[in-house]
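Note sheet for the following structure.
The values are calculated or read from the model by the stated rules, or taken from the named source; none is laboratory data. Treat the numbers as computed from the prediction; the structure is a model and nothing was measured. Cβ placement follows ideal geometry from the backbone for every residue including glycine, while neighbour counts extend to all protein chains displayed.
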Amino acid sequence: MPAEFLLVTAALLPFLGSVAVALLPRDARNAAALLAGGVTLAALACIGALFTHVGAGTVVRTFDWLPTLGVGLTLRLDGLAWLFAVLVLGIGALVVLYARYYMAAEDPVPRLFAFLLAFVGAMLNLVLAGNLIQLVMAWELTSVFSFLLIGYWYDNRAARDGARMALTITALGGLCLLAGMVVIGRIVGSYDLAVVLASGDAIRSSPLYLPALVLVLAAALTKSAQFPFHIWLPRAMAAPTPISAYLHSATMVKAGIFLMIRLWPVLAETDAWYWIVGTAGMATMLVGAWSAIFQHDLKGLLAYSTISHLGLITLLLGLNSRLAVVAAIFHTVNHATFKASLFMAAGIIDHETGTRDMRRLSGLWRAMPHTATLAMVAAAAMAGVPLLNGFLSKEMFLSEAVDNVGDHPVQLALPVLATVASAFTVLYSLRFIRQTFFGAPPHDLPHAPHEPVRWMRLPIEVLVLACVAVGLVPNLTIGPALEVATRAVFGNGGPDYDLAIWHGVNAPLALSMGALAGGVGLYFAFGRRINTNPRGGPWLMHRLDGGFLFERTMTGLVRGARWFERMFGATRLQAQLRTLFLVALIAGLSVALARGWPTLAPPSLAGIDPAFALLWLVGGACALGAAERAKYHRLSAVMLTGGAGLVGSLTFVWLSAPDLAVTQLLVEIVTTVLLLLGLRWLPKRDEAIVVTQQENRRARRRRVTDFVVAATVGTGLASLAYAVMTRPAPEGIARWFVEAAYPQAGGRNVVNVLLVDFRAFDTLGEISVLGIVGLTVFALLRRFRPAADSLERPRQQLRQEAADRARADREVGDTAADALLIPTVVITWLFPFVCVFALHLFLRGHDLPGGGFAAGIALTIAFILQYMARGAQWVEDRLRIRPIAWIGLGLLVAGLAGAVPWLFGRPFLTATFQYAEVPILGKIPMASAVAFDLGVVVLVVGASVLMLVALARQSLRRAREAAAEPEA
């Protein structure tokens, strides 16, 4: 099987599995676990099969996305990516098995596994990314899916707060990463990772090196919970324990570590790298270890110990030593194994006893001997006890601390501080073991402690076995993988290292033994005092625990935003539009003054057709009348606005743009109907209200100001349009589109070819915005209540009006049809004809006026007619339209239409075309862009009907509320 196929399969499987699991019923826990585990193991098998290819070189598969901008989707598997991918998928499979037995029966397990697989896919694509922009996208996806996982129990406030904190901090780091990658791409001239990794000298010698370094490190340090950004990790412990075991040991927190290792060859070996990364790592290691000592919650202790070990790895990367990088990679793997097993052990203790408070736990060895043994081995590995994997990487760390002693006081203190942090690690590891498993038998626990089911303990056994195997025979277990990972980072210039268990009596061994003895001594000297401390640590720790700092910051930001809103905000739409237009006007005048005023040809009335002039006089009168009538009669204002839109449509016909004319006419129909539906909810004007003279003057000034702004901006836009249309046609891009539409895209309708082929990426963004607008309108109207003045009317009148509205919406009748002087039966039978007309517009759009957008609007009109004739309830119940699903389906179809060309080695959204002879219909274009256009149709219908349904439901809900409320 080709290596590239295996690589692509591994990258896609988690996302496909996530979608499949999400479609399962809520109670299908076994099916969800089986599917999630199978997908993860299949992806792991694909990655595992590529080890021989990685040993020989790098496996690369590139899909063109934006080739003209140098942006592509590249999957790049080298030794480093292989090692991290195995961690992501291997521990992920174990976590799936563990979660199956950890989660309660009432929990929606398919949702958990859907989020988990999506995170696995994001993390896997992060380590496989071969393009800087692609890496940023995967980076942000990990933040989003970790937010969903941490906040899985969304009814728990701690989970919501922890998820919000994690997303806020890591997403801000992601923005910094985007800026940093753009700077690096500008320095190198390419976003391809292979090109960047080969340009280390150019990057370090560039004047933009320091800004790029600071931006990239801001992302890495926030993601890997480095001081002072470590505050989010302890709060994330509100997530289910399987999620903590996965995100905070092997994956999410290792993303920043991976980024620093990946870019080490091009950003490291400078003084700036040394002091920024080294200082952050040292501070994090000490703060995390010190804080872990005083935690009473098992997961809290493991969270702060994770912070400490992440600081240790970061410190190693900051030493500007290649051997230290090898030690960092080695300890990353070791930490993932023993920390994941410890989190799972803590979860079992919580699951079987009902508490994680170490002050209530003791003597669990008697009731849970197997779990206790596994947890003690994993804790010993964390403490660096000999013959376990943690001892080997800790000894490499201490060796590097000794070898990198310098003249600076901080460099001189490096071995001492490393030893102190190691002693703290021994102290909290020993406290974890002795306080939980030894001592008096437990009493007054929520549940009687007992061993978990066999399958729940199996993942811990596998991980602990890895800790022992690596500790005893490192060269046979981790050695080959560490070698290919090191070669991926340094090429052939990697350092020599030895994974032997015994290196003789030397300084690192002495420091390691001193740390073990010191940690044991500290525990027996201060352990009792730590256990009886109700606050869980010194006063300073409560100022560094995250909640205090984060909440103070967020409170300040909210207060600042409210002050800004009070100073510059406006509750009226007119004021906001006035500000927007004024800013645009000032910007335009500034550009004109800077570049010179455009020269306008003298106006001439000779070529103006009197009929066209009359048409525009009618349109202008409609526009002015709409502005004037809006003050007195909104219905007539909407009708006059529609008249102005109709004139615009006729103008397109006059100027030989029938495609735009059809689209404009259809849009006018839909928007006019939606506006008419929304008018009923606007506050009713009361002519009896007495207006003071001062208010009258204020209103007059506002109208004069609005008129001046509107006239100025309108004149500017008219002048700009006149200047463009009176200049000679340029021999540039416009002519190229006309000439290339048929030869390159197989379409004679240049407008539609532009939308679905040449600039399809823009259209994909536009329909995404349209879908977001539809969802936003729906969400706002769900919370909408009628204006206050309507509520002040007598309750009986309110109920009667609401009932009348609901009756007009629900019942099958001729109310709407009679208003249009059209029988209901005619409107009913128009539905299939309008659908056929929409199909006609869709099929002919590639060559003649029409297209996906026009077809979608036409189909929306069919649903609007049914709404007018039969009511919203009938439309929803009988036609079974689900607009939100249509929006998602439209985006999916359009996206898949763009991704299919990748299978043939072509860029994203590349189209091909062919014509087919169909009986009766004749020659039909079979361009692949038609599939993209189909996605446009589906999304336009979904977004438009969603707004229609949202407006219609207002009547139904208001009627129910009015009927339920007693008369005042």
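A few notes on this one:
- Any hit, region 289-301, residues being among the aliphatic types (A, V, I, L, M), without any contact (Cβ under 8 Å) to a residue 60 or more places away in the chain and out of contact with any Asp or Glu (no Cβ under 9 Å at 6 or more places or on another chain): no
- Within region 271-296, if we keep just the residues that are hydroxyl-bearing (Ser, Thr, Tyr) and either at pLDDT below 90 or out of contact with any helix residue (DSSP H, G or I) (no Cβ under 7 Å at 6 or more places or on another chain) (or both), the residue that is surrounded by the fewest Cβ atoms within 10 Å (Cβ to Cβ) turns out to be THR279.
- Of everything in region 152-189 that is among the basic types (Lys, Arg) and closer than 21 Å to ALA225 by Cα, the residue that is surrounded by the most Cβ atoms within 10 Å (Cβ to Cβ) is ARG164.
- Selection within region 140-151: residues that are more than 26 Å from LEU80 (Cα to Cα) and among the aliphatic types (A, V, I, L, M). The member of this set that is surrounded by the fewest Cβ atoms within 10 Å (Cβ to Cβ) is LEU148.
Matching residues to (1) aliphatic (A, V, I, L, M); (2) at positive phi; (3) at pLDDT below 85; (4) not in a loop (DSSP other than H, G, I, E, B):
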{"residue": "LEU445", "(1), (2), (3), (4)": "yes, no, yes, no"}
{"residue": "PRO459", "(1), (2), (3), (4)": "no, no, no, yes"}
{"residue": "ARG487", "(1), (2), (3), (4)": "no, no, no, yes"}
{"residue": "LEU511", "(1), (2), (3), (4)": "yes, no, no, yes"}
{"residue": "ALA515", "(1), (2), (3), (4)": "yes, no, no, yes"}
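- Residue-level analysis places TRP65 among those that are crowded, with 16+ Cβ neighbours inside 10 Å and over 23 Å from PHE145 (Cα atoms).
- Of the candidates ARG634, ARG629, ARG680, the single residue that is over 30 Å from GLY942 (Cα atoms) and at pLDDT below 80 is ARG629.
- Identity of the residue in region 297-306, within 16 Å of MET252 (Cα to Cα) and out of contact with any Pro (no Cβ under 8 Å at 6 or more places or on another chain), that ends up surrounded by the most Cβ atoms within 10 Å (Cβ to Cβ): LEU302
- Members of region 236-248 that are surrounded by fewer than 24 Cβ atoms within 10 Å (Cβ to Cβ) and in a helix (DSSP H, G or I): ALA238
- Restricting THR373, THR425, THR436 to residues that are hydroxyl-bearing (Ser, Thr, Tyr), assigned to a helix (DSSP H, G or I) and surrounded by fewer than 19 Cβ atoms within 10 Å (Cβ to Cβ) narrows the list to THR373.
- Test for THR251: is it buried (at least 23 other Cβ atoms within 10 Å of the Cβ), out of contact with any strand residue (DSSP E or B) (no Cβ under 8 Å at 6 or more places or on another chain) and assigned by TED's automatic domain parsing to the domain that holds THR486: no
- Within region 738-760, being surrounded by 14 or more Cβ atoms within 10 Å (Cβ to Cβ) and either of a type in the set (Val, Ile, Thr) or within 18 Å of LEU891 (Cα to Cα) (or both) holds for VAL750, VAL751, VAL753, LEU755, VAL756, ASP757, ARG759, ALA760.
- Some residue of region 30-47 being closer than 26 Å to VAL195 by Cβ and not assigned by TED's automatic domain parsing to the domain that holds GLU483: yes
- Out of VAL416, VAL464, sole residue that is part of a helix (DSSP H, G or I), assigned by TED's automatic domain parsing to the domain that holds LYS339 and surrounded by fewer than 13 Cβ atoms within 10 Å (Cβ to Cβ): VAL416
- Checking every residue in region 879-886 against the condition of being buried (at least 20 other Cβ atoms within 10 Å of the Cβ), assigned to a helix (DSSP H, G or I) and at pLDDT 85 or above gives at least one match.
- Residue within region 223-231 that is at pLDDT 90 or above and part of a helix (DSSP H, G or I) present: yes
- Residue under evaluation ARG431, criteria (1) closer than 27 Å to ALA280 by Cα; (2) touching a Pro at 6+ places or on another chain (Cβ under 7 Å); (3) basic (Lys, Arg), criterion not met: (2)
- Checklist (1) exposed (fewer than 11 other Cβ atoms within 10 Å of the Cβ); (2) at pLDDT 80 or above applied to GLY619, failing item: (1)
- When LEU499 is tested against the conditions (1) buried (at least 17 other Cβ atoms within 10 Å of the Cβ); (2) under 26 Å from SER362 (Cα atoms); (3) of a type outside the set (Lys, Arg); (4) over 40 Å from the mean Cα position of the chain (by Cα), the lone failure is (2).
- Inter-residue pairs, beta-carbon under 8 Å, first closer than 22 Å to GLN664 by Cβ and in region 826-842, second modelled with pLDDT under 80 and surrounded by 12 or more Cβ atoms within 10 Å (Cβ to Cβ), 6+ apart: LEU830/LEU865; VAL834/LEU865
- Checked across region 129-139, the condition of being small (Gly, Ala, Ser), surrounded by 24 or more Cβ atoms within 10 Å (Cβ to Cβ) and part of a helix (DSSP H, G or I) holds for no residue.
- Counted residues, region 647-657 - those being part of a helix (DSSP H, G or I) and either at pLDDT below 85 or more than 41 Å from the chain's Cα centre (by Cα) (or both): 5
- Region 470-485: number of residues that are under 27 Å from HIS53 (Cβ atoms), touching a residue at least 60 places away in the same chain (Cβ under 8 Å), of a type in the set (A, V, I, L, M, F, W, C) and part of a helix (DSSP H, G or I): 5
- Scanning region 306-341 for residues that are under 24 Å from VAL377 (Cβ atoms) and of a type in the set (Lys, Arg) yields one hit, LYS339.
- Residue check for SER206: out of contact with any Asp or Glu (no Cβ under 8 Å at 6 or more places or on another chain), touching a residue at least 24 places away in the same chain (Cβ under 8 Å) and not in a helix (DSSP H, G or I): no
- Qualifying residue in region 517-530 (condition: farther than 16 Å from TRP290 by Cα, at pLDDT 85 or above and of a type in the set (Gly, Ala, Ser)): yes
- Residue within region 155-162 that is without any contact (Cβ under 8 Å) to a residue 12 or more places away in the chain, more than 22 Å from ILE348 (Cα to Cα) and in a helix (DSSP H, G or I) present: yes
- Qualifying positions in region 706-725 - farther than 12 Å from GLY588 by Cβ and either of a type in the set (D, E, K, R) or loosely packed, with under 13 Cβ neighbours inside 10 Å (or both): ASP706, PHE707, VAL708, ALA711, GLY714, ALA718, ALA721, VAL724, MET725
- Checking the stated criteria, GLY905 turns out not to satisfy the condition of being at pLDDT 85 or above and not aliphatic (A, V, I, L, M).
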